[in-house]
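Working notes for the structure below.
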Amino acid sequence: MTETAAIKAILKPREKDIGEFSVRRALPFIQQRSIGPWVFFDHFGPVSFKPGEGINVRPHPHINLATVTYLFEGEIYHRDSLGNSLPIHPGAINLMVAGKGITHSERTREELRASGYDLHGLQLWHALPEEYEEVDPAFYHTPAEDIPETEIGGVTIRVMMGTAYGLTSPVKTFSETLYIEADMPDGASLDLPVTEELGIYVVKGEGVIGGTSAPINAMTVMKPGAHTITAQGNTRLAMIGGRPLGRRYLDWNFVSSRKERLEQAKADWKAGRFDKVPGDEEEYIPLPE
């Protein structure tokens, strides 16, 4: 791991095979279990699916967390046990609050499967404060045009969740949470938001912070304080952070502040006590042995 006056660590994601394609998993990491409330960060693509190919993430459960799906390119079709059924498109924020329990699937529509298509995006999970872990599940879709955007020194900034750069996102939060996207032309610089914990994930190009590279496809974890990033080449990055929520336990698709709650969730899924997904009721992902 790299450590400097500004950078706590640079986390190189592990490749994880999820069936139809692989993802880069930047969180959780042995040395860094979370950044602010964020406990999970997957980067998938860019991948080009040939005709007949696509994604088929069968119905599976979550508890005590919220998921965010964000696309740079392509489409994912979301269905959940609340009856929500819609395509997820680039630029929109899709926040699924698992709370006491939800089931969902992520698929490719047959029209896209027939033609082939490109897919590129992120999936993130944030923990919920203990007082909200068992809330009723919910799904919030915020279209791309409702995400606030500004330009600072030639850098285009979108504040997807939280408050930064004079903007406040309409997306629901449960604690101090930041999720920001920045598109930076070559040579542009940007002051990073100051928050308790902050991570920078470069999707395109390269950043430089305090003379050290923030490389592509890696999570650069910042030390507290005021820092500036400079783009080398046209650069696109995601920033995540906020206030940490304390120890969280992860087991398969479950996150909780209580180990015994994970065991209950596993038993409930194995026994079929989670609600089914309307329109996607035949298949499911079994509990790993």
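The values are calculated or read from the model by the stated rules, or taken from the named source; none is laboratory data. These numbers come from a predicted model, not from an experiment. Neighbour counts run over all protein chains shown; Cβ positions are idealised from the backbone, glycine included.
Taking Ile180 and the conditions (1) β-branched (Val, Ile, Thr); (2) under 16 Å from the mean Cα position of the chain (by Cα); (3) over 26 Å from Val135 (Cβ atoms), which numbered condition does it fall short on, given that it satisfies the others?
(3)
Are any residues in region 269-281 surrounded by fewer than 16 Cβ atoms within 10 Å (Cβ to Cβ) and either outside any loop (DSSP other than H, G, I, E, B) or at pLDDT below 95 (or both), and if so, which ones?
Passing the criteria: only Lys270.
Quickly run through region 26-56 and pick out the residues that are closer than 24 Å to Pro87 by Cα and either in a loop (DSSP other than H, G, I, E, B) or small (Gly, Ala, Ser) (or both).
Passing the criteria: Gly45, Ser48, Lys50, Pro51, Gly52, Glu53, Gly54, Ile55.
If you check Ile93, Ile55, which single one turns out to be of a type in the set (Val, Ile, Thr) and more than 27 Å from Leu287 (Cα to Cα)? Outline the logic, then answer.
On the way: Ile55 fails: more than 27 Å from Leu287 (Cα to Cα).
Just one listed residue meets the conditions, Ile93.
Residue check: is Pro61 surrounded by fewer than 19 Cβ atoms within 10 Å (Cβ to Cβ), touching a helix residue (DSSP H, G or I) at 6+ places or on another chain (Cβ under 8 Å) and at pLDDT 95 or above?
no
Report, by residue number, each residue of region 135-159 that is within 24 Å of Asp186 (Cβ to Cβ) and either in contact with a helix residue (DSSP H, G or I) (Cβ under 9 Å, 6 or more places away or on another chain) or of a type outside the set (Asp, Glu) (or both).
Restricting attention to region 135-159, the residues satisfying the condition of being within 24 Å of Asp186 (Cβ to Cβ) are 149-159.
Matches in region 135-159: Thr150, Ile152, Gly153, Gly154, Val155, Thr156, Ile157, Arg158, Val159.
Can you tell me which of (1) in a strand (DSSP E or B); (2) under 12 Å from Val255 (Cα atoms) is the one Lys100 doesn't meet?
Only one criterion is unmet by Lys100, namely (1).
Just give me the residues in region 140-153 being at negative phi and surrounded by fewer than 19 Cβ atoms within 10 Å (Cβ to Cβ), in sequence order.
Of everything in region 140-153, those that are at negative phi and surrounded by fewer than 19 Cβ atoms within 10 Å (Cβ to Cβ) turn out to be Tyr140, His141, Thr142, Pro143, Ala144, Glu145, Asp146, Pro148, Glu149, Thr150, Glu151, Ile152.
Looking at Gly153, Gly91, which is the one that is within 16 Å of the chain's Cα centre (by Cα) and over 18 Å from Val255 (Cα atoms)?
Gly91
Tell me which strands (runs of 3 or more DSSP E) are completely within region 154-218 and hold 1 or more residues being in contact (Cβ under 8 Å) with a residue 40 or more places away in the chain, among the charged types (D, E, K, R) and surrounded by fewer than 16 Cβ atoms within 10 Å (Cβ to Cβ), or say none if there are none.
Hits in region 154-218: none.
Go through region 61-81 and give me each residue that's of a type outside the set (Lys, Arg) and more than 17 Å from the chain's Cα centre (by Cα). Even if it seems obvious, please write down each step before you answer.
Step one: filter region 61-81 for residues of a type outside the set (Lys, Arg), giving 61-78, 80-81.
Within region 61-81, Asp80, Ser81 qualify.
Can you pull out the strands (runs of 3 or more DSSP E) entirely within region 226-266 that have at least 2 residues that are buried (at least 19 other Cβ atoms within 10 Å of the Cβ) and modelled with pLDDT of 95 or more?
Numbers: elements: 228-242, 249-251, 254-256.
Output list reads 228-242, 254-256.
Could you figure out which of (1) of a type in the set (Gly, Ala, Ser); (2) at positive phi; (3) out of contact with any helix residue (DSSP H, G or I) (no Cβ under 8 Å at 6 or more places or on another chain) isn't true of Ser81?
Of the numbered conditions (1) of a type in the set (Gly, Ala, Ser); (2) at positive phi; (3) out of contact with any helix residue (DSSP H, G or I) (no Cβ under 8 Å at 6 or more places or on another chain), the odd one out for Ser81 is (2).
Cβ-Cβ under 8 Å, sequence separation 6+ or interchain: first residue in region 243-272 and at positive phi, partner at pLDDT below 95 and not in a helix (DSSP H, G or I). Which pairs?
From region 243-272, the pairs are Trp252/Pro288.
Could you please find all residues in region 1-18 being at pLDDT below 80 and closer than 16 Å to Pro46 by Cα?
Of everything in region 1-18, those that are at pLDDT below 80 and closer than 16 Å to Pro46 by Cα turn out to be Asp17, Ile18.
Taking Val23 as the residue in question, decide whether it is touching a Lys or Arg at 6+ places or on another chain (Cβ under 7 Å), in a strand (DSSP E or B) and within 23 Å of Met161 (Cβ to Cβ).
So Val23 passes the test.
Mind checking which residues of region 111-136 are touching a residue at least 60 places away in the same chain (Cβ under 8 Å), out of contact with any Pro (no Cβ under 9 Å at 6 or more places or on another chain), outside any loop (DSSP other than H, G, I, E, B) and of a type in the set (D, E, K, R)?
Hit for region 111-136 is Glu130, nothing else.
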